[in-house]
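Contents: one structure, followed by commentary.
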Amino acid sequence: MWREIGDREAGKLRPNSFSNRIKSNRIQTLQLSNQKEIVSPHSGSINSLQVDLTEGRYLLSGASDASASVYDIQRGTDYEGGGVISKHKSIFVVDKQHQNGHKYAVSSAVWYPIDTGLFVTGSYDHHIKVWDTNTTQVVINFKMPGKVYRTAMSSLATSHMLIAAGTEDVQVRLCDIASGAFAHTLSGHRDGVMTVEWSTSSEWVLVTGGCDGAIRFWDIRRAGCFLVLDQSHSQLGRRPPILQRSATIKGSTSKPLSASQSSFAKARTPQRKHSNGNGAKQSSVGKNPVKGSMKQRLHPGMLSSQDRATAHYGAVTGLKVTDDGMYLLSAGSDSRLRLWDVESGCNTLVNFETARLQTSRPIQLATSPNSPLAFVPCMTAVKAFDMWSGRTSLTFRGHYENVNCCWFSLQDQELYTGGNDRQILVWSPSRLISNEDEGPAKDEDNWSD
């Protein structure tokens, strides 16, 4: 660490690079926190976790006992061990006893992206409810056609206030908070939609994963999906950076053609088609005189060959778009993790190490923008995979039963996990100083002696 500080002071290391390197080193030392404890009021399994995107201070949880709760993760309510261990009790809980509470399990709980004054819950009682945080009252109530598996709101949206809902119905519905009505209905899946995720590069792009094994990309401004991922379409690894690709393209275009290449190009130049006496062009046998190819005319998501493509052999149980919006991580009931290139729609063929995943319910994945790590609930543990090698970098064991959700807090580099044991665990960077960090301190002691 002292080397990075020296390079930063000397101007050899840019501020962003210095910050990313420090954060990446902190993530590598994540362990079960012995200084922060979340006191869970839930009597059922934890299904959803999210820290607000504005302040990074309030944690929202949803559980199968039909309750949702909010915690202040920066200011503890009680302290133990001489003030070393801070306990964080819930600020408030909305449950079955609430006059407008859910009747069955809360499967999803998300914050309104730009303000902590609202949060959204989805439940197995076929309802999506928008809550006022200050009054703990329901502002808007949406009646859905089936169980709600997952809800999501875009963190980039400035032109809409839409809640994407994945339910056991085949259609994806977009609920408009501004009007209190359904804005869109997206049809294409052949079974229930278990997970939904907004793009992190465009406020108009929505990604959905269904029980039919399909992952579909939607532009909500137009009808039909524009991309269906196919696991058989692949590319090896990540694509090169933009600067490197542009330099390669310039180099290839600037090279002059050799004599053999120029003669080959002349031989391949198309000949003009001869017209008959009436002046009409002769069309080749067996081809319909239709202007433009069918692939250009039809929407890619509507082609019969692409419309039945599958991304997993089974239901898609989890989706997570990277912060740059270039890659998509998916998990399926086939216990497979796949990394997709969003631009090309290809499977990058990253061979993730074998991991057991839950097959009967959606799981919440998390990624770290400062390091290429993906946090995946794997039964009773959470594993951090390197997204480019597929190897297990870290393993977090602390839950007594299956883990359902995890959320990585960028502000403090902390990981929050929730499971069937009704516990919310906090994984924080180690505060122990390494030998390398103790170097200057030891020298100062020697000088003092």
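The values are calculated or read from the model by the stated rules, or taken from the named source; none is laboratory data. Just so you know, these numbers come straight off a predicted model, no measurement behind them. Cβ atoms come from the backbone with ideal geometry, glycine included; neighbour counts cover every protein chain shown. The protein model used for the area step is the full one, side chains on, heavy atoms only, and it has no ligands, DNA or RNA in it. Shrake-Rupley method; radii C 1.70, N 1.55, O 1.52, S 1.80 Å.
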The lone exception for Leu174 - which of (1) in a strand (DSSP E or B); (2) aliphatic (A, V, I, L, M); (3) in contact with an Asp or Glu (Cβ under 8 Å, 6 or more places away or on another chain) it fails: (3)
In segment 357-409, what residues are within 17 Å of the chain's Cα centre (by Cα), small (Gly, Ala, Ser) and in a strand (DSSP E or B)? Ala366, Ser368, Ala374, Ala384, Ser409
Among the candidates Leu156, Leu227, single out the residue that is part of a strand (DSSP E or B), open to solvent by 20 Å² or more (accessible area, probe 1.4 Å) and either among the aliphatic types (A, V, I, L, M) or modelled with pLDDT of 95 or more (or both). Leu227
Could you please let me know if Val130 is of a type in the set (Val, Ile, Thr), at pLDDT below 95 and in contact with a strand residue (DSSP E or B) (Cβ under 8 Å, 6 or more places away or on another chain)? no
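For every residue, the table says whether it meets (1) modelled with pLDDT under 95; (2) surrounded by 18 or more Cβ atoms within 10 Å (Cβ to Cβ).
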site	(1), (2)
Asp324	yes, no
Asn347	yes, yes
Arg356	yes, no
Thr359	yes, no
Asn370	yes, yes
Val382	no, yes
Ser389	yes, no
Taking segment 8-39, which residues are polar (S, T, N, Q), open to solvent by 30 Å² or more (accessible area, probe 1.4 Å) and not in a helix (DSSP H, G or I)? Gln28, Thr29, Gln31, Asn34, Gln35
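Matching residues to (1) part of a strand (DSSP E or B); (2) on the phi > 0 side of the Ramachandran plot; (3) free of Cβ contacts under 8 Å to residues at least 12 places away in the same chain; (4) surrounded by 19 or more Cβ atoms within 10 Å (Cβ to Cβ):
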residue: Ser48; (1), (2), (3), (4): yes, no, no, yes
residue: Gly56; (1), (2), (3), (4): no, yes, no, no
residue: Val70; (1), (2), (3), (4): yes, no, no, yes
residue: Lys89; (1), (2), (3), (4): yes, no, no, no
residue: His102; (1), (2), (3), (4): no, no, no, yes
residue: Val120; (1), (2), (3), (4): yes, no, no, yes
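Would you mind stating whether Asn134 is at negative phi and exposed (fewer than 15 other Cβ atoms within 10 Å of the Cβ)?
Details: at negative phi: yes; exposed (fewer than 15 other Cβ atoms within 10 Å of the Cβ): yes.
When the stated conditions are applied, Asn134 passes them.
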Output the residues belonging to segment 185-201 that are under 22 Å from Asp324 (Cα atoms) and either in a strand (DSSP E or B) or open to solvent by 30 Å² or more (accessible area, probe 1.4 Å) (or both). Thr195, Val196, Glu197, Trp198, Thr200, Ser201
